[in-house]
């Protein structure tokens, strides 16, 4: 629990205040309830007195009435008695509301209405009837009667009033008891609360004051330590959250500041001492440096003088002072680098020399092969001539074959027409056969009818008896004729049917022939296409051969140029040799660590240079092959004319008939257009 | 009639015709006329073998399928079929036959009685059998074949 000192004090005060306050509240509450009970008791006391007065007045009225009755003989009522009666009856009447209100508040079970009636009757009897009787001198019986009436009524009133009086005294007693018990309870409660408040407040005070005192004592001890000079130990209680913690933190800050200050003073003292020491050391150093620089300059001057004489062997081995050491190293590096470069140049020049000798050998080789190439070109050219002639012959043969195929095709088409006509003739025969069949049917019918007629004639003849005998014979003859006609008709019918079947077969055969002829026609067309492609291919070949001829001519030309270039190369090699010798002489002026060997190499090529190499002498190269020159960047890859020809031949045989119209002309154009760029390209060699 | 034939002498004139595979013949004197096939008008409530009626020059006569009447399958009429118009007991009746084959005269001795094996009622159809060189021909008794039916119908 982190509380500041003021908060702690506040907590104690508030606890005490709460205790006292609760005591006050309890006291006020109990005294107010006691006083209320006492006030109630007083009210009831007043009512009690009034009831007693009423009882007394009632007795007075009865007694006065008795007196009046007793003195009836005088036939007059004294004024004193009359006044007493009036006063008391009025008092009685006025007392009724008081009794009524009390009875209602106390819950008494009394008949207020009958009480009021009784009082009214008493008042009436004593104040009106009695005076009238007395003044009128009424008989004795009347007086007895009224006397009884007043007595009984007065007795009833008295009884009621007695009850009320008893009630009032009871109520008063009750209120007093309430007041006493309330006072006792409040005293006990106040004592309990007071005790608890004192205990709680005392406990809190003790705890808080102990807490504060502990903190203060810790701070005080630390401050005392610092005051005595012990600043190394830190102040206690800085971690507290209250004002004491704050004091402790301030004290800690002050302690730290003191420590820092002492350290700074010690450092300043140290610095002052070291500056003094350095100053004296610098003075002696400067004198030493001047002497050293002088020595270095002398040595470097000697080295540079030797270098000017061309001596590259000397190095400066004596180390310089640190800041001039770089100078010495650079000198040594420059001398070493120069020496290496001179040595390198010597090596390269000898290498160039040997390379030039190799180039010379290669050039001679090249010259020999160029001659061989020229001879081979000659042979190729004559062979091509032969091929060209053969090609022309085969082309004319192929054209002839094409013409023959054309005529065959026309004949095949003609034969198709013939077949069609034959088919039509067959159909005509068929229709004629059908007509014959119809006619035969008619003949058959006639024969049948004739037979019937003959039968009938026979029948008639038979019926005629003897007379019809001759007629019967004739009828028989006629019947036989009819039968023969029917038989002949049947035979003809069979024959016609057979010829119809034959015609059918013939028609089928003719159709098959037509189909075969059509197939032949289609095949002939295909053969014709093939012949056309063959002819076209032959023409393409002719054009290709012409191109090859041109190319061979160009190759010959290039071969001549190559021979000339070989001559030039030989001359250039000679010049290169001489230049190499001169270069080696120049380099020999330098003396290097490898100086002796460099000079020896420089003399060797001079001996070689004097041995004459005959130009274009046949040198048998053993295993030496001239390096193939790398492709120059401007050079384009080109297809050779021979390959181009092959491609064109393939195109021709793939059977594109559309490109075959006037092939000689187109291929000739192509050859001429392609010849000029090819010559340009070949001349680049 | 039978007596009349026997009395008439040695020769007997007959007309033969085909019904199916068999050949039958009748007396020529019973025949009035032989005609080609013409369509007939069917009559109700008649036996199966009565094909119907035809008009013969104004006279209406019935046509009987002889094959059916003799217990064989019905004849299929064609252009070559014939109707033989006969006079049976004064009444004209047309007989449908497949084909009229011949007209011949035979000796009465050649007419042999039908074998006893056939029952009496059926034997009455046949007056006898004519044995020719190639085949046998049944001589039909038209009176029994047709006349009974006609009398019943009447």
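Just a few scattered comments:
- Restricting A:161, A:188, A:135, A:192 to those that are assigned to a helix (DSSP H, G or I) and surrounded by 17 or more Cβ atoms within 10 Å (Cβ to Cβ) reduces the list to A:161.
- Annotation: of all residues in region B:1-16 being within 12 Å of another protein chain (Cβ to nearest Cβ) and in contact with a strand residue (DSSP E or B) (Cβ under 7 Å, 6 or more places away or on another chain), the one that is modelled with the lowest pLDDT is B:11.
- Hey, residue B:89 surrounded by fewer than 19 Cβ atoms within 10 Å (Cβ to Cβ), at pLDDT below 90 and under 15 Å from the mean Cα position of the chain (by Cα) or not: yes
- Tally of residues being touching a helix residue (DSSP H, G or I) at 6+ places or on another chain (Cβ under 9 Å) and touching a residue at least 12 places away in the same chain (Cβ under 8 Å) across region A:561-571: 6
- So residue A:416, is it touching a residue at least 12 places away in the same chain (Cβ under 8 Å) and either under 18 Å from residue A:473 (Cα atoms) or within 14 Å of chain B (Cβ to nearest Cβ) (or both): no
- The number of residues in region A:435-465 being exposed (fewer than 12 other Cβ atoms within 10 Å of the Cβ) and more than 10 Å from chain B (Cβ to nearest Cβ) comes to 3.
- Condition check for residue A:180: in a helix (DSSP H, G or I) and closer than 30 Å to residue A:25 by Cα: yes
- Test: residue in region A:365-385 that is in the same structural domain as residue A:531 (by TED's automatic domain parsing) and closer than 30 Å to residue A:520 by Cα: no
- Scanning region B:67-88 for residues that are farther than 25 Å from residue A:444 by Cβ and in contact (Cβ under 8 Å) with a residue 40 or more places away in the chain yields B:69, B:70, B:72, B:73, B:86, B:87, B:88.
- Count of residues meeting criterion [under 23 Å from residue A:205 (Cβ atoms) and touching a helix residue (DSSP H, G or I) at 6+ places or on another chain (Cβ under 7 Å)] in region A:21-53: 2
- Selection from region A:348-377 of residues that are out of contact with any helix residue (DSSP H, G or I) (no Cβ under 8 Å at 6 or more places or on another chain), closer than 21 Å to residue A:553 by Cα and touching a residue at least 24 places away in the same chain (Cβ under 8 Å): A:368
- Filter result for residue A:99 (surrounded by 15 or more Cβ atoms within 10 Å (Cβ to Cβ) and closer than 19 Å to residue A:47 by Cα): yes
- Test result for residue A:115, more than 15 Å from residue A:71 (Cα to Cα) and crowded, with 20+ Cβ neighbours inside 10 Å: yes
- Here the condition is being in the same structural domain as residue A:110 (by TED's automatic domain parsing) and under 30 Å from residue A:72 (Cβ atoms); of A:146, A:193, it holds for A:146 alone.
So that you can scan it fast, the table gives a plain yes or no per residue for (1) over 15 Å from residue A:3 (Cβ atoms); (2) assigned by TED's automatic domain parsing to the domain that holds residue A:11:
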residue	(1), (2)
A:217	yes, yes
A:236	yes, no
A:241	no, no
A:244	no, no
A:247	yes, no
A:262	yes, no
A:267	yes, no
A:271	yes, no
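- Filter result for residue A:23 (in contact (Cβ under 8 Å) with a residue 24 or more places away in the chain and assigned to a helix (DSSP H, G or I)): yes
- If only residues of region B:17-37 that are over 24 Å from residue A:465 (Cβ atoms) and more than 9 Å from chain A (Cβ to nearest Cβ) are counted, the one that is surrounded by the fewest Cβ atoms within 10 Å (Cβ to Cβ) is B:21.
- Some residue of region A:481-490 being more than 14 Å from chain B (Cβ to nearest Cβ) and crowded, with 17+ Cβ neighbours inside 10 Å: yes
The values are calculated or read from the model by the stated rules, or taken from the named source; none is laboratory data. Predicted model, so just to flag it, every value in this text is computed and none were measured. Cβ sites come from the backbone with ideal geometry, for glycine too, and all protein chains shown count toward neighbours.
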